[in-house]
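The values are calculated or read from the model by the stated rules, or taken from the named source; none is laboratory data. On a predicted model such as this, the values are computed, not experimentally measured, just so you know. All Cβ positions, even for glycine, are placed from backbone atoms using ideal geometry, and neighbour counts span all protein chains on display.
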Amino acid sequence: MKKFVLLALFLLPAITAFSQSKAEREVSDTIRQWADSILRRDMTALGKILADDIIITDYTGKIRGKAEELDILKPMPHVKTISVDNEDVKIKVYGRSAVVTALTKMKFNIGGMDTGMEMRYTAVFVKQGGRWQIVALQTTRVAPPK
């Protein structure tokens, strides 16, 4: 029985990978790169993932574009991103477009104080120039547990 459980755990990632289409795997890879770029505050990578004409509606209802988003995410000496984790990721591909929903959990250290936030997002990705880019993003803050 123990061998069966170990075999199942070993094969699960391979089975999951086969159940995704090539486009879903590419979008999933882009989501991982996006999270990693935010964690590292890599403006070059983020600039490639965010489309030039992206429309972002944040959790306060404000709308911004690529330049504003990059400005928000630029490295700051008093802010360290500790982790960016996506959970409950759902990807629906429609030809050269994809709609993604997920729960993002982020942890930061701001001025020596640890803090975090959770957001649900819906993102629209389009494959342009041989790569998947985010063209629209809507975020909603998840209330902290009581």
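List of remarks:
- Taking the criterion of being modelled with pLDDT of 50 or more, of a type in the set (F, W, Y) and out of contact with any strand residue (DSSP E or B) (no Cβ under 9 Å at 6 or more places or on another chain), the residues of the stretch 1-49 that qualify are F10, F18.
- Note on the stretch 64-89: among residues that are in contact with a strand residue (DSSP E or B) (Cβ under 7 Å, 6 or more places away or on another chain) and loosely packed, with under 11 Cβ neighbours inside 10 Å, the one that is modelled with the lowest pLDDT is H78.
- Residues of the stretch 35-69 classified as polar (S, T, N, Q) and in a helix (DSSP H, G or I), total: 2
- The set of residues from the stretch 43-62 being within 19 Å of T101 (Cα to Cα) and either over 13 Å from the mean Cα position of the chain (by Cα) or surrounded by fewer than 17 Cβ atoms within 10 Å (Cβ to Cβ) (or both) comprises A51, I54, I55, I56, T57, D58, Y59, T60, G61.
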